[in-house]
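Have a look at the structure below, then the notes.
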Amino acid sequence: MEFTETYKQSGPCAFSPNAQFLAVAVDYRLVVRDVLSLKVVQLFSCLDKISYIEWAQDSEYILCGLFKRPMIQAWSLTQPEWTCKIDEGPAGIAYARWSPDSRHILTTSDFQLRLTVWSLLNTACVHVQWPKHASKGISFTKDGKFAAICTRRDCKDYINLLSCYTWEIMGVFAVDTLDLADIEWSPDDSAIVIWDSPLEYKVLIYSPDGRCLFKYLAYESGLGVKSVSWSPCGQFLAVGSYDQMLRVLNQLTWKVFAEFMHLNTVRAPCCAATFKEVDEPLQLDMSELCLSDDFIHGNSENLSEGHIQVRYDVMELPITLPFQKPPADKPNPKQGIGLMAWSHDSRYICTRNDSMPTVLWIWDVHHLEPAAILVQKDPIRAAAWDPTCTRLLLCTGSPHLYMWTPSGAYCVNVPLPQFMITDLKWNSDGSCLLLKDKESFCCAAVPLLSESTDYSSDD
């Protein structure tokens with residue numbers, strides 16, 4: 001792998017949908033760079049520190065959320081002189097997003113009083129009263145024709161279907177939830193999945209005309225759903241729960257066909273390879289060298305600062321995984337499936353049980369068994385699949401990058417001083433990987449993956 005030098009950032013970073021540009025927030029400045037050369041293409045100055053960045057689907061416009069002010073500013077990449085500022089006044093702005101046509105901005109006011117659709121083509125705006133959530137509770141169809149917006153009135157949850165052309169309400173129907181958590185259209189736009197708050201386990205499948213197609217309740221008297229995700233192919237719906245299990249539903253029958261348990265002890269027979277991260281300190285043979293005490297002291301300091309290589313060891317079964325029992329007297333327990341992501345071909349899904357924050361599970365949906373278990377030294381911060389092939393990368397807030405493919409797992413030492421990877425993002429075409437530190441970022445060029453590829457920690 002090849003790494004660029006580091007550049008400054010102070011918050012959100014985002015690749016453009018067309019994979020050509022990278023937008024980076026540096027305090028109140030928005031820096032747009034070319035992905036290939038990382039040269040600055042445009043530089044925009046906002047009125048306050050940038051809290052949020054989102055590209056329009058056509059990669060021509062970009063909005064910046066200045067939520068401390070609160071205000072939204074939008075910029076055009078092709079017309080630098082064009083500006084747009086949205087200020088809701090006393091109502092405030094809690095969140096903002098683009099519509100699929102890239103010509104409307106949807107803002108949610110503080111306290112979810114209303115959702116406003118602002119047009120960039122004219123001065124028209126449309127209001128939707130009482131949206132359920134600020135950043136959640138809105139989903140667009142993949143063809144960009146309709147929006148499903150969750151609202152709540154009279155202590156009941158509703159789904160409003162709006163046309164993304166006229167922004168007229170096409171239909172409203174009530175849903176059977178106690179406290180709706182979120183909503184998402186299926187990849188083929190034929191169904192809408194809705195799930196309840198953690199206080200009640202309930203996953204509901206609705207048709208666009210408001211008919212309840214299926215109601216799924218795995219258990220009662222316990223914390224319920226924590227994460228939900230459609231597979232890219234649209235055939236599977238993964239539901240992660242607080243009971244530390246991943247359940248996968250079939251889109252044809254809406255029946256559960258797989259239940260994956262995250263056990264803290266893995267015993268045979270188990271087909272999954274278990275990889276454990278171990279230290280591999282640099283070995284200095286100084287038996288025949290005469291070095292000053294200052295030099296030796298300096299080298300020992302460098303090693304203690306994190307200049308230590310790591311590798312994966314394949315563990316033999318049985319193995320006990322590090323487990324943290326959450327306290328029973330505190331809210332929002334760290335347990336259940338908090339991280340979940342599908343591979344691009346929908347064959348694999350990776351999960352992290354928050355009671356085992358250092359362990360990443362990779363499940364083979366075709367064979368209904370674990371494909372690999374990665375045991376890290378530090379809690380897993382982020383994991384992301386390559387959008388073009390079966391390759392998973394993850395980070396743990398260390399100076400190392402970790403990779404898994406069906407042929408094995410690999411540790412990559414990032415050759416940048418004092419660079420701790422806290423987050424990572426793929427470009428949409430898989431050509432570039434963004435790595436974020438606390439106050440800086442770099443990009444990495446990942447080699448193309450082939451069936452016969454063999455990685456090493458030095459690649």
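The values are calculated or read from the model by the stated rules, or taken from the named source; none is laboratory data. Since the structure is predicted, the reported quantities are computational estimates derived from the model, not experimental observations. Cβ: placed from backbone, ideal geometry, glycine included. Neighbour counts: every protein chain shown. Calculation scope for accessible area: heavy atoms of the full protein, side chains included, ligands and nucleic acids excluded. Shrake-Rupley method; radii C 1.70, N 1.55, O 1.52, S 1.80 Å.
In percent, how large is the relative contact order of segment 61-128, given Cα pairs closer than 8 Å and 6 or more residues apart?
Values: 120 pairs, mean separation 13.1, N = 68.
Worked out over segment 61-128, it gives 19 percent.
Based on the Kirkwood approach, the hydrodynamic radius assigned to the chain is 24.2 Å, with every pair of different Cα atoms included. Taking the Cα centre of segment 358-437 as reference, the dipole from Cβ charges on Lys and Arg (+1) and Asp and Glu (-1) amounts to some 160 debye.
Placing Ser241, Ser229, Ser135 in order of accessible area, with the largest value first and a 1.4 Å probe, yields Ser135, Ser229, Ser241. Under 16 Å from a point 7 Å along the Cα-to-Cβ line of Ser119: which residues of segment 143-172 have their amide N that close? Residues 163-169 qualify, since their backbone N sits under 16 Å from the label point.
For segment 115-254, the calculated P(r) over all alpha carbon pairs, in 5 Å bins from 0 to the bin holding the longest distance, is 2, 10, 20, 22, 20, 13, 8, 4, 2, 1, 0 percent.
Highest mean first, the peptides 118-130, 369-381 sorted by other C-beta atoms within 10 Å per residue fall in the order 369-381, 118-130.
GluC sites (Glu not before Pro) within segment 204-283: which are DSSP loop residues with at most 12 other Cβ atoms inside 10 Å?
Details: sites: Glu220, Glu259, Glu277; in loops: Glu220.
Passing sites in segment 204-283 are Glu220.
Out of every Cα pair in segment 34-174, what percent are spaced more than 23 Å from each other?
Numbers: 3511 of 9870 pairs.
Pairs farther apart than 23 Å: 36 percent.
Taking every protein chain into account, the 1.4 Å probe leaves Ile308 with about 50 Å² of accessible area, to the nearest ten.
The figure for Tyr7 is an accessible area of roughly 50 square angstrom, using a 1.4 Å probe on the protein chains alone. Site pair Leu252 and Glu369 shows an inter-label distance of 2.4 nm when each label is modelled 7 Å from Cα along Cα→Cβ.
From the mean inverse distance of alpha carbon pairs (Kirkwood) and the Cα radius of gyration, derive Rg over Rh for segment 301-432.
Result: Rg/Rh = 0.98.
For segment 174-242, trypsin sites (Lys or Arg not before Pro) meeting the loop criterion (DSSP other than H, G, I, E, B) and having at most 16 other Cβ atoms within 10 Å: Arg211.
On the basis of the beta-carbon distance and an R0 of 60 Å, Val40 and Ser221 show a calculated FRET efficiency of 0.60. As a length-normalised measure over Cα pairs under 8 Å and 6 or more apart, the relative contact order of the chain settles at 9 percent.
Shown in residue order for segment 386-391 are the 3J(HN,Hα) couplings computed by the Karplus curve 6.51 cos²θ - 1.76 cosθ + 1.60 at θ = phi - 60°: 4, x, 10, 7, 7, 8 Hz (x for Gly and Pro). In whole percents, the pair-distance distribution calculated for segment 240-280 from its alpha-carbon pairs, binned every 10 Å from zero, is 21, 36, 29, 10, 3.
Quick one: dipole size for segment 159-235, taken about the Cα centre, charges +1 on Lys/Arg Cβ and -1 on Asp/Glu Cβ, in debye to the nearest 20. Walk me through the numbers on the way to the answer.
Details: 4 positive and 11 negative charges, 29 e Å.
The calculated dipole for segment 159-235 is roughly 140 debye.
Ligands, DNA and RNA excluded, the heavy atoms of Met403 present near 0 Å² of accessible surface to a 1.4 Å solvent probe. Where a ≥ b ≥ c are the square roots of the eigenvalues of the C-alpha gyration tensor, would you call segment 369-444 rounded, which needs a/c under 1.5, or, failing that, prolate if a/b is larger than b/c, or oblate? It is oblate, given that a/c is not under 1.5 and a/b is not larger than b/c.
Dividing the helix sum by the residues of the chain, where each DSSP H run of 4 or more adds -39500 (n - 2.57), gives a mean residue ellipticity at 222 nm of -1000 deg cm²/dmol.
To the nearest 20 debye, what charge dipole does the chain have about its Cα centre, counting +1 at the Cβ of each Lys and Arg and -1 at the Cβ of each Asp and Glu?
Values: 38 positive and 55 negative charges, 346 e Å.
That gives a dipole near 1660 debye.
Restricting the GluC sites (Glu not before Pro) of segment 125-210 to loop positions (DSSP other than H, G, I, E, B) with no more than 10 neighbouring Cβ atoms within 10 Å leaves Glu168. Heavy-atom accessible surface of the chain, averaged per residue, reaches 47 Å², computed with a 1.4 Å probe. Just the protein heavy atoms count here, and of the accessible area of the chain at 1.4 Å, carbon and sulfur take up 51 percent. Rounded to the nearest 10 degrees, the angle from helix 293-304 to the longest Cα principal axis of the chain is 40 degrees.
With Cα atoms defining each centre, segment 5-56 and segment 137-155 are spaced 29 Å apart in the structure.
Within a straight-line Cα-Cα reach of under 22 Å, Lys39 can be paired with the following lysines, leaving aside sequence neighbours fewer than 8 residues apart in one chain: Lys8, Lys425, Lys436, Lys438.
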